[in-house]
Amino acid sequence: MRLSLLKVFFAVLCCCSAIVTNGQITIHGTLVDKLSKEPVVGAVVIARETDAVAVSQINGFFRLNLAQGTQTILITLVGYIPKEIEVANVSDLGTIELETDALELDGVMVVSSFAKDRESPVALSTIKAETIVEKLGSKEFPEILRSTPSVYVSKSGGGYGDSRINLRGFDSNNIGILVNGVPVNDMENGKVYWSNWAGLADVTRIMQVQRGMGASKLAISSVGGTINIITKNTDADKGGSVYSGFGNDGYNKYTFNLSTGLMENGWAVTVSGGTTFGDGYIDGTNFKAYSYFANVSKVISPKHRISLQAFGAPQWHNQRGTQHKISTYKNENPDVPFWVNGTKFNSDYGYRNGKIYGGGYGYNEFHKPQISLNHYWDIDETSTLSTVAYVSVGTGGGRRISGTGNYRYSLTWYNGTPNDLNFLTHGGILNFDPAIDVNSVSDEGSQMIISNAFNNHEWYGLLSTYNKSFNSLKITAGVDAKYYIGKHGMEIVDLLGGRYFLDNAYNVNRPATTQLRAGDKFSYHNDGIVSWLGLFGQVEYVKNNYSAFVSASFASNSYKRRDYFNYTKENQLSDKVNFVPFSMKGGFNYNLNKNHNLFVNAGYFTRTPYFDNAFLNYKNDINPDVKMEKIVSGEIGYGFTSSIFKAKLNAYITNWKDKTLIRTYSDNMVANIPGINALHKGVELEIQFNPVSKLFITGMCSLGDWVWQDDVNFKVFDEGQTLLYKYNAYIKDVHVGNSAQHTAFLGIDYDVFKSIRIGANINYFGKHFAEFDPINRTNADYKDDSWRLPDATMVDLNIRWNFNIGNLDATLYGNIDNLFDKEYISDATDGNNHDMNTARVYYGFGRTWITGLRINF
C-alpha cells in the first residue's frame, strides 16, 4: 500500500511539472564537466522563448519541451560559465560540456589529487559551491560536511571558529587538510584551527572528502582521510557580487566580490572581502572577523600561466573553555550557588570597563595569511608541470590568567564547579575588581595578571607535480619541501592594577627578582623548528572499464628546538631529531558496466610523532624512546549509478599502532601516553535519488566501531615539567570518544518554481562516547566503558529565491538550523563514575537562523 501511494505521489509530481502543448518537440542531452568529464548534476536548463525549465539529473541527463522552430536554451549552475545553445528542430543535443568559471582550475585540481567516481578506487564525497552557498548559512565551515559518512562536527565551546571535525573517529590532527593542494595542518602537532580559516567558506569553489587512505600522493597525516578544499581562482567572466546577511544573536555578515575576467592582454584579477560580527549564541562569546582574497593571473602563452594568490582571515573572539556537569546547566547542582543561563552558560568571561572580557582560555585572536605563487606549464600534449611556492606568517594567541593567584579564576577542574576561593560575581561570571584591589597593595608585584600565550609561526613551502601520460598510463612524480618555525611563549598583557610582575618560572638568563611589565615574556619561551623534504610518485592505469594506481612517498623530516629560558644563549639550540616517514598504497576499480562498479584499496604508512613527543619535559632533551607511528588501512566498495539513482557502499578497517595521546587538564597537568593501538572499522552508505527533475534526495548512513586495543603506562607532569604521577591506564576495549560512531543524514531539495528551491536536512548522531580521562582509568578493578551520550536528531531548513532587481540577478537565502530547538549534548568528558551525573559536557546550539541577499552584477 505504501509503495502504491509513493508511486501515485511521484506520478502527480511528474504531471504537475510537465507542460504539454501542441506543436512542441522534446529535446534532451547530457551535461558534463569539460575538465573532469563527470556528469553535471542540478544544472538549470531554461528555454528563453517559453520559460520552460528542466534540471539535469544524477547522470547529467536532461529533457525539455520546446516550441518548434529555432529556440535558445540557457544552461546555468553555480561554478560554471552560463552556456547558450540555439536549437532548430533537433531532439538529441548529445554531450554538452560546461566550462568552470575559474581560470587555472585544471592545474589546481592536479596538484590537489582530486578523485573521480567510478575511476578513483577510494571512498569519496564531493560538496559543490551551490550546496555550500545554500546550506551553510551561519554554521561553521566544517559543518557543511555533516552530510557525508563517518563525519562528526561539533562547535565545541561555541566560540566563533572553535568547531572541530572528526573523520572515522580521528580528529583534525589525523586528517590531511589541503587548500588548493597545499597541506595546512600545523607542522608541530597536526592541528587545524578553523578560526584561522574563518573566511574560507566565502571563497570555496568545491571540496571533497576522501575517507581512508585517499588519493593524495603526499605523505600527509591522512589516517582518517583527506579533506580537499579548492578555492576560487580568477573568475573567467567580468563581474562581481555583494552580500548582506543577518541572523540570531546579532549575527551580521557583509561580503563583496569583483573580477575583471580574462582581459585581452592575458591578465585577470579577482578580489573579494568581508566582515562578520555578532554577540555569539553562547553567553560571552562575541566576535569580529574579516576575510580577504585576491588572485592575479596572467596567461603568458598557450603553454604557460601564472597566478599570485593571497588569502587571510584576521579575527578575535571570546570563547568558552570550561565544561560543566549537566546538573549545573539545569540549575540542579547544589555546589553552584547561582542561577545559570541554561545550556548557553559560560563561566569563562566577565566585564571590564562595561565590555565583555574573556578570562583564561576565554579569548583568542589570530591572523594567518597565506600567499602562493602558482605556475602551470603545459610542456606538450602528454605532460604538464604544476608548481606552487607559498608562505604563511601567523601571529596571535590565546588569553591566560597567570601568577601565583591565578587559582582565583580556575574552577575545580574535575567537575567544573566554583569554590570559595574563586573571584566571581553573584551571577557566576569572572570578577576582575578583587584582583585589581589585591595587586594594587601587593609589595611582591601582581599576584594575578592577564597574559597572552602566543603561537606565532613562519611557514615556507614548495610543491611541484609533474604528470606524463602514455596512452592508458599516467605517471606522476613530485617534490614537497617545507620549512617551519613555531614561536611559542607567554607575554604580559595587563598587570591588573599592579606595578610589576615576578616570574616564578626558571630562567637562567635573568635574575628571579627582575621586575617584568607589559610586553615582557615569562614562564616559557621557545621555538619549534621543523624541516621537511618529501618525494612522491604514482603510476595510474585507466583503460576501458579498469583503473588502478600504485603510489609511494617518503620524506626526511627533522625537528630542532630552541629554548630561550632553560639554557644560556650559546646552548639554546637542541640537536636535530631525524625521522623518515613513508607511505605505500594502491587501489583498483572495475566498472562491471555503465551501472555497477567495484573498488578496493589498501595501504601502509608511518608517521612522524608530534614535536612535543620528540623532546622530554619541555626541554631540549631528546626522547630516546620516541617511536614512529604506524598505520595499516584497507577498504572495499561497490557503486551503482543510473539516470535517477546513485549509491555507494563501502567497508573499511584501520589499525593505528604506537599512537601517542596528549591530554591537557584545566589545572595545567599534562599526560603523555605513548605506545597504544587503536582499531577503527565500519561500513558506509551514500545515496542520491532524483525521481523527477525538480526533486533531489540525498542520504547517508555510517556504522563504526572504534576502540582502544591496549592498556598502557604513562606519566603526568605539571606546567613546570615536574613529574607528578606514574600510572597504568586500563583503556583496553574502551570506545574511542569525542565522535559519533553512528551517523545518518537525509536531505530533500525541491524546486517549487524555476526560481525557488526549498530544502530540508535531517542529521542523526549516535553511539557517541565521552572523551576519557586517563587519570580516571588507573584502577584495574574498574574498567567500565566511557559514558555514552544520548543519541540526537536535528532538522535544518533552507530556502533560495532567485529574482531580478532591474537588470541585476539577485538571490535571497534563508536558513533555520535545529528547527525544533532540540536540546542535545555535543561534547563530553568522562567523569569518575563513567555516567551522566559525573560527566562534564557542552550542549550543542539550539535553534538559529540567518537570512541574506546576494546581488550579482
>> Around Asp733, under 13 Å between beta carbons, what's the net of Lys plus Arg minus Asp minus Glu among the other residues?
In response: -2
>> Suppose the chain between Val600 and Glu84 were pulled fully straight at 0.36 nm per residue; how much longer would it get relative to their current alpha carbon spacing?
In response: 181.7 nm
> Using a 1.4 angstrom probe and counting only protein chains, how large is the accessible area of Arg408 in Å², to 10?
Replying inline: 60
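Which of rounded, prolate or oblate describes the chain when judged by the alpha-carbon gyration tensor and an a/c cut-off of 1.5?
Because a/c hits 1.5 or more and a/b exceeds b/c, the chain counts as prolate.
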>> Once you keep just the Cα pairs under 8 angstrom separated by 6 or more residues, what percentage relative contact order results for the range 779-857?
In response: 33
>> Please compute the contact order of the range 485-585 in relative form: average sequence separation of alpha-carbon pairs under 8 Å and at least six residues apart, divided by the residue count, as a percent.
In response: 26
> Counting only protein heavy atoms, what percent of the accessible surface of the chain is carbon or sulfur at a 1.4 Å probe?
Replying inline: 56
> About its Cα centre, what dipole magnitude does the range 514-629 give when the only charges are +1 on Lys and Arg Cβ and -1 on Asp and Glu Cβ, stated in debye to the nearest 20?
Replying inline: 300
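Around Phe366, with a cut-off of 14 angstrom between Cβ atoms, what is the net charge of the other residues, counting Lys and Arg +1 and Asp and Glu -1?
Once all neighbours under 14 Å are counted, the net charge is +2.
Evaluate the relative contact order of the chain (contact order divided by residue number), counting alpha-carbon pairs under 8 angstrom at least 6 apart; express in whole percent.
With pairs under 8 Å counted, the relative contact order is 10 percent.
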>> Could you give the length gained by full extension between Tyr541 and Leu573, i.e. 0.36 nm per residue of separation minus their alpha carbon distance, to one decimal place?
In response: 6.7 nm
> Counting each DSSP H run of 4 or more residues in the chain as -39500 (n - 2.57), what helix-only mean residue ellipticity at 222 nm follows after dividing by all residues, to the nearest 500 deg cm²/dmol?
Replying inline: -1500 deg cm²/dmol
> Taking 0.36 nm per intervening residue step and subtracting the Cα-Cα distance, what contour gain separates Ile644 from Tyr782 on full extension?
Replying inline: 44.4 nm
> According to a simple spin-label model (label point 7 Å from Cα along Cα-to-Cβ), what is the distance in nm between Leu473 and Ala810?
Replying inline: 6.0
>> Which of the three applies to the range 168-311, rounded, prolate or oblate, going by the alpha-carbon gyration tensor with a ≥ b ≥ c and a/c under 1.5 meaning rounded?
In response: oblate
> If you place +1 on the Cβ of every Lys and Arg, -1 on the Cβ of every Asp and Glu, and leave all else neutral, what size is the dipole of the chain about its Cα centre, to the nearest 20 Debye?
Replying inline: 1080
>> Quick check: net charge around His28, other residues with Cβ under 15 Å of its Cβ, Lys/Arg +1 and Asp/Glu -1?
In response: 0
> Can you give the angle from 0 to 90° between the axis of helix 2-17 and the longest principal axis of the chain, with both taken from C-alpha atoms, to the nearest 10?
Replying inline: 70
>> Keeping every protein chain present and rolling a 1.4 Å probe, give me the accessible area per residue for the chain in Å².
In response: 42
> If r is the Cβ-Cβ distance from Phe338 to Asp711 and R0 is 41 Å, what FRET efficiency results, to the nearest 0.05?
Replying inline: 0.50
> What ranking, highest mean first, results for peptides 502-509, 482-489, 260-267 when packing means the other Cβ atoms within 10 Å averaged over each residue?
Replying inline: 482-489, 502-509, 260-267
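The values are calculated or read from the model by the stated rules, or taken from the named source; none is laboratory data. Treat the numbers as computed from the prediction; the structure is a model and nothing was measured. Every residue, glycine as well, gets a Cβ built from its backbone with ideal geometry; the counts of neighbours run over all protein chains shown. Side chains included, ligands, DNA and RNA excluded: accessible areas come from the protein's heavy atoms. Shrake-Rupley method; radii C 1.70, N 1.55, O 1.52, S 1.80 Å.
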